[in-house]
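The values are calculated or read from the model by the stated rules, or taken from the named source; none is laboratory data. Model, not experiment: these values are computed from the prediction. Because the Cβ atoms are built from the backbone with ideal geometry, glycine has one as well, and the counts that use them run over all protein chains shown.
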Amino acid sequence: MEVPPVTPPAASPADGLLPPATVLERCPTGIEGLDSILEGGIPRGNMVLVAGSVGTGKTTLCLEFLVRGAERSERSLFLSVTEASQKLIQNLSTFEFFHRDLVENGSLVFVDLPKVYDRLGLGREEMTSEEIGILLRTIRDLVRSLGVQRLVLDSLTSVCYRIRREEQIRDFMLRLGQELKEVGCTSLLVSEIGPLPGRYSLHGVEEAIVDGVILLSNIHRMGDILRVLQIIKMRGTAHSQAQFVIQLTPIGILMAPHLKGGREATA
């Protein structure tokens with residue numbers, strides 16, 4: 001009698017063999033050094049906190065992320081809470097990597113959230129649950145109708161000031177992250193923090209929910225102030241946790257390893 005061939009069982013972790021890792025699609029930031037330490041970029045659909053104190057380069061990093069995406073024909077959206085769009089565009093014009101036609105042809109879109117608040121009647125200092133839902137649906141509809149693939153919210157801290165309650169902030173961020181991930185939109189949320197170590201957001205719940213945290217800080221070293229970037233976490237990719245010195249140049253953000261030595265203090 002012919003014996004049928006025997007199919008060996010699938011390998012299991014107990015056999016010492018793991019199934020091949022899933023390769024996630026990347027969203028290149030366009031910042032060469034950052035993409036290098038993130039294995040090609042941020043995993044597509046991730047929601048990332050860009051945290052730092054005043055003057056550390058948060059907005060500049062986020063704007064370059066959007067411009068580089070718009071150059072790749074990825075519709076990019078900047079939701080501004082604290083600074084008027086026209087001023088942002090004016091500041092962008094000082095960088096060689098920015099081309100105004102990206103705004104004119106609709107590849108790079110700026111929306112002032114305070115104007116959205118006024119149009120929707122969201123004038124309260126503290127938003128109700130219903131008003132939070134209205135804001136979420138407005139952002140969702142904007143992303144879907146424009147086909148947005150990259151989004152920046154500057155800043156999440158300002159929005160959270162009007163939500164206030166931690167459980168509502170958690171719900172807002174979970175729902176926002178789900179909506180953006182469903183359409184493959186990669187997002188950077190600006191978090192304004194003080195110089196105190198170990199905290200990356202206003203309430204602490206924000207950093208636990210997001211997929212990644214990029215920390216920007218100022219380091220005082222031998223009389224100079226150095227801007228430093230560090231990846232605290234990034235789901236879906238291996239990454240260095242080393243500090244990198246960044247420079248904001250006319251051609252974009254440049255990165256170099258931080259060679260430690262001498263006295264330094266973080267601000």
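Of the residues that sit in region 69-84 and are surrounded by fewer than 21 Cβ atoms within 10 Å (Cβ to Cβ) and touching a residue at least 60 places away in the same chain (Cβ under 8 Å), which one is farthest from Val111 (Cα to Cα)?
Glu74
Ser158 passes all but one of (1) touching a Gly at 6+ places or on another chain (Cβ under 6 Å); (2) closer than 26 Å to Ile209 by Cα; which number fails?
With (1) touching a Gly at 6+ places or on another chain (Cβ under 6 Å); (2) closer than 26 Å to Ile209 by Cα applied to Ser158, the lone miss is (1).
Residues being buried (at least 16 other Cβ atoms within 10 Å of the Cβ), farther than 16 Å from Thr82 by Cα and not charged (D, E, K, R): count how many of those fall in region 164-190.
Of the residues in region 164-190, 10 are buried (at least 16 other Cβ atoms within 10 Å of the Cβ), farther than 16 Å from Thr82 by Cα and not charged (D, E, K, R).
Residues that are among the hydroxyl-bearing types (Ser, Thr, Tyr) and on the phi > 0 side of the Ramachandran plot: does region 67-75 have at least one?
Yes, that holds for at least one residue.
With the checklist (1) over 30 Å from Ser217 (Cβ atoms); (2) modelled with pLDDT under 95 in hand, flag the one item Asn91 doesn't pass.
Result: Asn91 fails condition (1) only.
Being in contact (Cβ under 8 Å) with a residue 12 or more places away in the chain, within 20 Å of the chain's Cα centre (by Cα) and not in a loop (DSSP other than H, G, I, E, B) narrows it down to one of Leu102, Leu88, so name that one.
Going through Leu102, Leu88 in turn, the sole match is Leu88.
Filter region 25-42 for residues that are among the charged types (D, E, K, R) and closer than 20 Å to Phe97 by Cα; which is modelled with the lowest pLDDT?
The qualifying residue modelled with the lowest pLDDT is Glu32.
Within region 48-64, is there a residue that is assigned to a helix (DSSP H, G or I), of a type in the set (Val, Ile, Thr) and without any contact (Cβ under 8 Å) to a residue 40 or more places away in the chain?
Scanning region 48-64, I find no residue that is assigned to a helix (DSSP H, G or I), of a type in the set (Val, Ile, Thr) and without any contact (Cβ under 8 Å) to a residue 40 or more places away in the chain, so the answer is no.
Quick one: in region 29-49, which of the residues that are in contact with a helix residue (DSSP H, G or I) (Cβ under 7 Å, 6 or more places away or on another chain) and closer than 22 Å to Ile209 by Cα is surrounded by the fewest Cβ atoms within 10 Å (Cβ to Cβ)?
Ranking the candidates gives Gly45 first.
Looking at Gly69, Gly106, Gly45, can you tell me which residue is small (Gly, Ala, Ser) and either over 24 Å from Thr237 (Cβ atoms) or modelled with pLDDT under 95 (or both)?
Being small (Gly, Ala, Ser) and either over 24 Å from Thr237 (Cβ atoms) or modelled with pLDDT under 95 (or both) holds for just one of Gly69, Gly106, Gly45, which is Gly106.
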